[in-house]
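For reference, the structure discussed in these notes is given below.
Every number here is computed from the coordinates shown, using simple stated rules; none is lab data. Predicted model, so just to flag it, every value in this text is computed and none were measured. Please note: Cβ atoms are built from the backbone with ideal geometry, for glycine as well, and neighbour counts cover all protein chains shown.
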Amino acid sequence: MRVSLVFPPFHHPDLYNLPPLGLINLATVACRAGHEARVEDQILALREGELPWGEGLYRACAERIAAARPEVVAFGAQCTTYPPTLRIAQEVRRLLPAARILVGGHNASFVARETLERFPWVDAVVRGEGEETFRELLDTWARGWAPQGVAGLSWRDGNRVVDNPDRALLADLDALPLPDYSLAPALERYRRACGLTRSIAILEVGRGCPHQCVYCSESALWRRRCRTFAVERLIEEMTRLRDDQGAECFLLAYDQFTADRRFVEDFCRRVIAAGLHRLGWYCISRLDTVDDELLRLMRAAGCESLCYGIDSGSARTLAFIRKQVEADKLGPRVAETTAAGITPTLSFVIGFPEEERADIDATLLLALQTGIEGNSNPLMQIPTVLPGTELHARYASTLVRKVDSYFAQGIEFDGNGRRLAGDEALIAGDPRLFSSFYNLPCRGMELTELQRLAAEFPLIVHLYPKTFRVLCAALETSPSHLFRRFCRWLETDQAAPCLTPALCFARFAGFVDAVQAEIPAAWRHVHALAAYETRAIEVARPGGPPAAGNADVSGAAAWRPATARNLALAEFAFDMPGIVADLRAGRLRTDYAEQPCTLVFRQVAGRLDVAAVNAFAHDLLRHCDGVSAVEEIARALYPRHGDGRDAEDFHACCRAAVRQLQSLDWLIPGPNP
């Protein structure tokens with residue numbers, strides 16, 4: 001049979017920018033069984049400008065599908081793409097009346113009967129693990145038979161919807177063929193269309209989750225079982241993707257990747273032995289399944305980033321969602337991760353139905369502490385209600401439509417940043433079927449405030465966590481109340497509709513000044529903290545502070561040293577390294593004595609490095625402006641720092657100091673003076 005496997009349109013800068021591995025797997029299985037299969041990625045087509053925005057989008061999608069004259073059209077749909085899937089399917093039915101139309105994926109698996117009952121143009125829904133069900137269904141239809149014996153299928157038998165028995169999970173994932181990426185668009189097209197710096201492929205490491213978090217459908221879909229592919233197979237797949245498809249990086253798809261330490265160690269060692277460690281990869285982990293030794297091995301094998309699901313800083317909320325996170329492990333684990341050279345993303349969720357404001361503030365405080373400790377990426381969301389989850393089962397009758405969660409975005413196709421009217425009508429007509437577009441009312445906070453916190457508070461965590469945390473203590477207020485006050489001040493001062501990184505950087509110090517009269521004298525170091533964090537942001541900005549002039553590399557005597565572009569100097573009235581060390585240790589002290597210090601800020605490989613320097617080094621760096629030669633700098637510094645020494649000896653001391661600063665990469669490279 002001729003089969004088109006369709007990834008329906010979606011557009012979000014951070015999501016769905018890789019080939020659809022699930023559909024590639026299905027296409028591979030279908031081809032192995034003698035069918036003719038192709039993958040139609042309409043997300044990529046939209047990015048490449050091959051599909052129009054606006055009301056004509058879904059008709060154009062259907063016409064692209066119909067052009068291949070498929071006998072079977074199979075849609076791989078997620079929660080957000082369910083409305084486009086169903087509307088495109090209706091257009092396909094009009095253009096290809098005889099084609100069989102089926103839907104699969106996480107969302108469809110849990111609303112199979114409801115989908116078939118409401119949308120008569122859909123012929124079948126593949127539930128759960130799809131490869132064997134899909135192959136068997138194609139074989140059955142090819143013979144002209146009804147699919148009553150195909151396990152894992154819900155289907156339309158005339159006016160009757162039939163739910164066939166569930167299919168047993170594959171006992172051995174390695175029985176599946178290696179995914180044939182030639183059936184999908186080339187990785188290079190995704191790199192160009194999505195603005196990626198490298199060609200990235202998804203590497204499916206395993207399937208399943210043993211946990212019972214109330215918001216996640218993974219454990220229900222995989223029946224709380226965990227299975228992994230053999231390491232040998234994964235190495236072969238990575239090698240093929242590198243050699244045949246030009247893959248330069250991998251996204252490891254398996255939430256429980258680090259659950260089995262021996263598996264991770266074996267994977268990493270074989271990656272290194274195969275020379276694949278030069279290719280970067282990303283994964284998901286838990287705080288309690290890694291340690292310093294394992295993280296360093298993962299980094300040696302190419303791991304560049306991982307995501308820890310923290311969720312909440314409230315013990316009460318963690319109990320509600322049935323998530324076990326040992327808060328005392330968070331700080332040390334993040335420190336170990338960054339020390340290993342891996343960037344951690346920390347995921348938080350706020351606004352569960354039973355949460356009070358104090359629970360949400362506990363999460364915000366935890367997020368601030370991770371920002372204080374540094375070198376992590378905060379991600380914050382409000383809950384998404386997915387079919388198949390306990391949240392859906394318990395709260396579906398209380399859903400409301402107020403704000404868009406992270407996973408309700410991506411189908412704003414009208415050209416003005418809004419959803420098409422037909423999509424809105426579809427969503428409004430069935431909260432249970434399209435629950436991911438709805439919200440759970442939260443006991444402790446209005447949804448609009450929650451949504452703004454989720455979207456914008458990570459900017460505070462990323463840019464000004466130290467100042468914000470001390471300001472909360474100084475003003476005796478909670479993070480949520482202080483953030484609301486900051487936003488209202490911005491709206492009054494700037495009429496700003498939302499907080500952006502640039503706006504936060506430009507205006508936060510002004511907010512500290514605006515509340516200065518309310519800050520007790522014991523907390524006077526809060527202004528120094530704001531200046532400290534502002535300086536840190538400045539060196540992290542693209543290009544860093546401009547260097548005044550270029551180095552003359554024709555010879556040491558003529559060299560005019562200039563500070564590196566990723567370096568900045570700042571003077572403070574307080575011992576800032578001591579204050580920062582206290583904050584990182586969770587100590588909120590008052591009444592710091594004045595103790596002047598000069599600090600050098602550098603951004604190195606995406607991480608902030610801060611070092612204290614003495615008055616001589618400070619003045620030397622100030623004079624390294626790209627204009628003055630070393631001997632000129634020495635003469636300028638001699639009156640203050642010569643201390644009666646012979647002028648030539650002092651000049652030699654300056655030359656030695658410049659060499660040392662060069663070795664630290666604090667100066668633009670030049671000859672040895």
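Per residue of the chain, what 222 nm ellipticity follows from adding -39500 (n - 2.57) for every DSSP H run with n ≥ 4, rounded to the nearest 500?
Numbers: 26 runs with 287 residues, N = 673.
Dividing the helical sum by the residues of the chain leaves -13000 deg cm²/dmol.
What's the local net charge at P177, with K and R +1, D and E -1, over the other residues with C-beta under 14 Å away? Intermediate values should be presented prior to the final figure.
Numbers: positive: R32, R135, R233, R240; negative: E131, E132, D172, D174, D180, E204, E236, E237.
After counting each charged neighbour, the total is -4.
How would E424, E218 line up from fewest to most surrounding beta-carbon atoms within 10 angstrom? Each step should come with its number before you reach the end.
Details: E424 15, E218 19.
Neighbour counts put them in this order, fewest first: E424, E218.
Take W121, W281, W145, W53 and order them by how many other Cβ atoms sit within 10 Å, fewest up front.
On the way: W121 14, W281 24, W145 11, W53 17.
So the residues, fewest neighbours to most, are W145, W121, W53, W281.
Step through the residues of region 403-410 one at a time and calculate ³J(HN,Hα) from phi using the Karplus curve (6.51 cos²θ - 1.76 cosθ + 1.60, θ = phi - 60°), rounding each to whole Hz and writing x for Gly and Pro.
9, 9, 6, 4, 9, 10, 10, x
Report, in degrees rounded to the nearest 10, the 0 to 90 angle that the Cα long axis of helix 131-142 makes with the longest principal axis of the chain.
Here the helix axis deviates by roughly 30 degrees.
For A146, what charge total do you get from the other residues with a beta carbon under 14 Å from its beta carbon, if Lys and Arg give +1 and Asp and Glu give -1? Mind showing how you got there, number by number?
Numbers: positive: R100, R143, R156, R160; negative: D123, E136, D139, D157.
Residues near A146 contribute 0 overall.
Can you tell me which of 187-195, 364-372 comes out highest on packing, and rank the rest after it, using the mean Cβ neighbours within 10 Å?
Result, highest mean Cβ count within 10 Å first: 364-372, 187-195.
Sorted from fewest to most neighbouring beta carbons within 10 Å, what does the list K329, K466 look like?
Details: K329 16, K466 22.
Ranking K329, K466 by Cβ neighbours within 10 Å, fewest first, gives K329, K466.
Loop-only trypsin sites (Lys or Arg not before Pro) in region 6-65, please: DSSP not H, G, I, E or B, and at most 10 other Cβ atoms within 10 Å. Mind dumping the intermediate values first?
Numbers: sites: R32, R38, R47, R59, R64; in loops: none.
Here no loop site has a sparse enough neighbourhood.
Of all beta bridges DSSP finds with both residues in the chain, what is the antiparallel percent, to the nearest 5? All intermediate terms of the calculation are to be shown ahead of the outcome.
Details: 25 of 67 bridges.
Percentage antiparallel, nearest 5: 35.
For region 439-492 and region 87-137, compute the distance between their C-alpha centroids and round to whole Å.
With region 439-492 and region 87-137 each reduced to a Cα centre, they are spaced 43 Å.
Under 25 Å from the Cα of K466, which lysines turn up, not counting those fewer than eight places away in the same chain?
Within reach: K329.
Can you tell me the order of 474-481, 627-634 when each peptide is scored by its average per-residue count of other Cβ atoms within 10 angstrom, highest first?
Going from most to least packed, we get 627-634, 474-481.
Please determine, in degrees from 0 to 90 and to the nearest 10, the orientation of helix 630-641 with respect to the longest principal axis defined by the Cα atoms of the chain, where the helix direction is its Cα long axis.
60 degrees
Roughly how tilted is helix 82-95, in degrees to the nearest 10 and between 0 and 90, from the longest Cα axis of the chain?
The helix 82-95 is inclined about 40 degrees to the chain.
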